[in-house]
Each structure stands twice: as C-alpha cells, then as structure tokens.
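The values are calculated or read from the model by the stated rules, or taken from the named source; none is laboratory data. On a predicted model such as this, the values are computed, not experimentally measured, just so you know. Cβ placement follows ideal geometry from the backbone for every residue including glycine, while neighbour counts extend to all protein chains displayed.
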Amino acid sequence: MNTQIPQDIAELSYEQAREELINVVNQLETGGAPLEASLALWERGEALAAHCENWLAGVSQRLEAARAKHQDNEG
C-alpha cells in the first residue's frame, strides 16, 4: 500500500489506529455524510489501514529476526 501517512496518524499506536479505523468504517457504513466528508473519511481510513499494516509488518520482521537468531544459537 503506497498511502502517505499523515504525522498525526504516524504517531498513533497500533491499537489507537485500529480503533479509529473501526470508527471510520462504521461512519462510512452508516452513510448520511456529504460526499466531501465521506471522501475525507475514506482517505483517513486508507492512511489508518496503511499505518496498521506497517505496524504488523514491523512485528513480523522482528519475529523472523528472533527466530533466525534462535536457530543460529541452536545450530
């Protein structure tokens, strides 16, 4: 995902970003917002999703590094 992540989102923890993303999705699903507001929500949701993906990718890399280190110590 090549979404530019705004600074206010980049500073959120994974849990904070996930919670806000859930709220954005709920707002979009309920509808009723003007087109401009819906577009802004959609864009924020994309940035929040990208931030969450980045967090998970970082955790995955750390786990792989820990596994590799563990295997090196055993072998």
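To keep it simple, each residue is scored yes or no on (1) among the acidic types (Asp, Glu); (2) touching a residue at least 40 places away in the same chain (Cβ under 8 Å); (3) out of contact with any Leu (no Cβ under 8 Å at 6 or more places or on another chain).
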| site | (1), (2), (3) |
| --- | --- |
| 16 | no, no, yes |
| 27 | no, no, no |
| 35 | no, no, yes |
| 44 | no, no, yes |
| 53 | yes, yes, yes |
| 62 | no, no, yes |
| 68 | no, no, yes |
| 71 | no, no, yes |
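Every condition in (1) on the phi < 0 side of the Ramachandran plot; (2) modelled with pLDDT under 95 holds for residue 32 except the one numbered (1).
Filtering the stretch 31-68 to residues that are hydroxyl-bearing (Ser, Thr, Tyr) and over 23 Å from residue 15 (Cβ atoms) leaves only 38.
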